[in-house]
Amino acid sequence: INLDAENVQAFYFAACFGYSDLGRKCRLLSDGSGSADAHRCRRETVLQMLQRALALHELHGWSWLGASVTHMDLGNLSESRWCAEQTTEQQGFAGVAHCFLGELMRRMHKYDEARSHCLTSIKAFDDSDNLYGDTYRGMTLCTLGKSALAQGDLAAARAAFRQAELHARGRNRARAVGHPFVHALCGLAETGNDPASFHEALDSYTARANF
């Protein structure tokens, strides 16, 4: 491994730790810059780290995806899409990249495109052995359900949420699979007037015991 590759990893993991810090700190904190929006400042710092990693190695797929997510959180949707698209042809990244593109299209209210990306993502995971495939498959199914719900297709939405719920429930040891599990239960509650699913989602989110 040459020095450049080591630097790529250093910047990438620094960005990961910076982004994790965003999730833990829910209140506004002083960022030393006088900005009232500390969370935005942190995201911009994370983005700079990822851009530095990509300047050193432009084929580092996780850095492209991290940049896509950070741009999405900053509201830079065109930039987010472009970053995600850079990874679709990289070996092992198609499923994850189309998962993010599906969510991005959903947020842009392009629901047909969102559903198309989700189906492409699911097929990619079916055809590969991705380390995080179980988690991202659950996330993709939830995005598929949310997109169908936004179009008023309740049957398709509920089917996607049910698949996500059963998928996550059967793979409760997969990393972070509790995230799509809770989303799936909330989707089932909304599409089926199902308070039991909502209460299970709330209990799972609060206790975090089974995932």
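Enter the per residue convex hull volume of the stretch 50-89, computed from alpha-carbon coordinates, in Å³ rounded to the nearest integer.
Numbers: hull volume 2.0 nm³, N = 40.
So the per-residue Cα hull volume is 50 Å³.
Which GluC sites (Glu not before Pro) in the stretch 68-117 pass both tests, a DSSP loop state and at most 10 other beta-carbon atoms within 10 Å? Each step should come with its number before you reach the end.
Numbers: sites: GLU79, GLU85, GLU89, GLU103, GLU113; in loops: GLU89.
Qualifying residues, ordered by number: GLU89.
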Response to the item:
Going residue by residue through the stretch 62-78, the Karplus relation 6.51 cos²θ - 1.76 cosθ + 1.60 with θ = phi - 60° gives ³J(HN,Hα) values, rounded to whole Hz and with x marking Gly or Pro, of 5, 5, 4, 5, x, 5, 4, 5, 5, 4, 4, 5, 7, x, 8, 6, 5
Worksheet entry | Rg/Rh for the stretch 112-211, where both radii come from Cα atoms and Rh is the Kirkwood radius | 0.97
Fill in: Pairwise centroid distance, computed over Cα atoms, of the stretch 43-120 with the stretch 145-161, Å
23 Å
Response to the item:
Between the modelled labels at LYS110 and SER78 (7 Å from Cα along Cα→Cβ) the distance in nm is 1.2 nm
Response to the item:
Nearest-0.05 FRET efficiency for GLN151 and ASP126 at R0 = 25 Å, using Cβ-Cβ distance, is 0.55
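Read the figures in this text as sums done on the coordinates, not as results from a lab. Computed from a predicted structure; not experimentally measured. Backbone-built Cβ (ideal geometry, glycine too); neighbour counts: all protein chains shown.
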